[in-house]
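Student: Here you go, one structure.
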Amino acid sequence: MDITPLVPNAAKILQSYGPKGFMISGAVFDTSVIILPEEVLPWPQGTDLTPEAFAPVFEAAEKSGCELLLIGTGADHRFLPPTLKAALHARALPHEAMDTGAACRTWNVVLSEGRNAAAALILPAQADK
């Protein structure tokens, strides 16, 4: 019995992650990333939890009509600063913050559910600098 979740062919499946990068649908990224259902964007400024650093995330989420933003905060869970939370609420962008490993695992589940989501994933090693 095949229990592989059905996902669209163009969907960006997160295959692996670690302190040196992410493998997403066969492509390797050695920086923090923004993942949309059908596109991955490098996010070099992804170590800062500021509204300014999240500007590319906001732009990508708006462009894709995102209904949920997963935020991977690095090797450990970090609470979002009030300024970033205010910016997310001002955009009416539902979000969940968690450590990057949990966000990676959650991404594939959300993708298999067919939800229009985005993920902003901080490379675990970068968050510790």
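The values are calculated or read from the model by the stated rules, or taken from the named source; none is laboratory data. Computed from a predicted structure; not experimentally measured. Every residue, glycine among them, receives a Cβ derived from its backbone with ideal geometry; neighbour counts consider all protein chains shown.
Student: Please give the number of the condition PHE79 fails out of (1) among the aromatic types (Phe, Trp, Tyr); (2) under 20 Å from LYS12 (Cβ atoms); (3) more than 13 Å from the chain's Cα centre (by Cα).
Tutor: The failed condition is (2).
Student: Okay, next question. Suppose we filter ALA117, ALA61 for residues that are in contact with a Cys (Cβ under 7 Å, 6 or more places away or on another chain), surrounded by 14 or more Cβ atoms within 10 Å (Cβ to Cβ) and either small (Gly, Ala, Ser) or more than 20 Å from VAL28 (Cβ to Cβ) (or both); which single one remains?
Tutor: Details: ALA61 fails: in contact with a Cys (Cβ under 7 Å, 6 or more places away or on another chain).
One residue alone meets the criteria, ALA117.
Student: May I ask you to list the residues in segment 57-81 that are part of a helix (DSSP H, G or I) and among the aliphatic types (A, V, I, L, M)?
Tutor: Within segment 57-81, VAL57, ALA60, ALA61 qualify.
Student: Considering only residues of segment 19-29 that are of a type outside the set (A, V, I, L, M) and exposed (fewer than 13 other Cβ atoms within 10 Å of the Cβ), which is farthest from ALA103 (Cα to Cα)?
Tutor: The first filter runs over segment 19-29 and keeps only residues of a type outside the set (A, V, I, L, M), leaving 19-22, 25-26, 29.
From the residues that got through so far, the ones that are exposed (fewer than 13 other Cβ atoms within 10 Å of the Cβ) too are 20, 26.
Values: LYS20: 16, GLY26: 19 Å.
It comes out as GLY26.
Student: For segment 35-61, which positions are touching a strand residue (DSSP E or B) at 6+ places or on another chain (Cβ under 8 Å), farther than 19 Å from ALA97 by Cβ and touching a residue at least 24 places away in the same chain (Cβ under 8 Å)?
Tutor: If the condition is that a residue be touching a strand residue (DSSP E or B) at 6+ places or on another chain (Cβ under 8 Å), farther than 19 Å from ALA97 by Cβ and touching a residue at least 24 places away in the same chain (Cβ under 8 Å), then PRO37, VAL40 are the ones that fit.
Student: Restricting to segment 28-47, give me the number of residues that are under 14 Å from the mean Cα position of the chain (by Cα) and part of a loop (DSSP other than H, G, I, E, B). Steps first, answer last, please.
Tutor: Just the residues of segment 28-47 that are under 14 Å from the mean Cα position of the chain (by Cα), to begin with: 29, 31-47.
Cutting the leftovers down to part of a loop (DSSP other than H, G, I, E, B) gives us 31-32, 37-38, 43-47.
The qualifying residues number 9.
Student: Filter segment 82-129 down to residues that are assigned to a helix (DSSP H, G or I), under 17 Å from PRO51 (Cβ atoms) and either at pLDDT below 95 or of a type in the set (Gly, Ala, Ser) (or both), then give me how many there are. Spell out how you get there, then give the answer.
Tutor: The initial filter retains those residues of segment 82-129 that are assigned to a helix (DSSP H, G or I), namely 82-90, 100-112, 124-127.
With under 17 Å from PRO51 (Cβ atoms) added as a condition, the list becomes 82-90.
With the extra rule that they be either at pLDDT below 95 or of a type in the set (Gly, Ala, Ser) (or both), the set shrinks to 86-87, 90.
Here the count works out to 3.
Student: Any residue at all in segment 76-84 that's in contact with a Cys (Cβ under 9 Å, 6 or more places away or on another chain), touching a residue at least 12 places away in the same chain (Cβ under 8 Å) and not hydroxyl-bearing (Ser, Thr, Tyr)?
Tutor: First, pick out the residues of segment 76-84 that are in contact with a Cys (Cβ under 9 Å, 6 or more places away or on another chain): none.
No, there is no match, as no residue in segment 76-84 is in contact with a Cys (Cβ under 9 Å, 6 or more places away or on another chain), touching a residue at least 12 places away in the same chain (Cβ under 8 Å) and not hydroxyl-bearing (Ser, Thr, Tyr).
Student: Among the residues that make up segment 46-53, is at least one of them in contact with a Gly (Cβ under 7 Å, 6 or more places away or on another chain) and either under 25 Å from GLY26 (Cα atoms) or modelled with pLDDT under 95 (or both)? Full working, then the answer.
Tutor: From segment 46-53, those in contact with a Gly (Cβ under 7 Å, 6 or more places away or on another chain) are 53; that's our starting set.
Next, from what is left, pick out any that are either under 25 Å from GLY26 (Cα atoms) or modelled with pLDDT under 95 (or both): 53.
For segment 46-53, residues in contact with a Gly (Cβ under 7 Å, 6 or more places away or on another chain) and either under 25 Å from GLY26 (Cα atoms) or modelled with pLDDT under 95 (or both): present.
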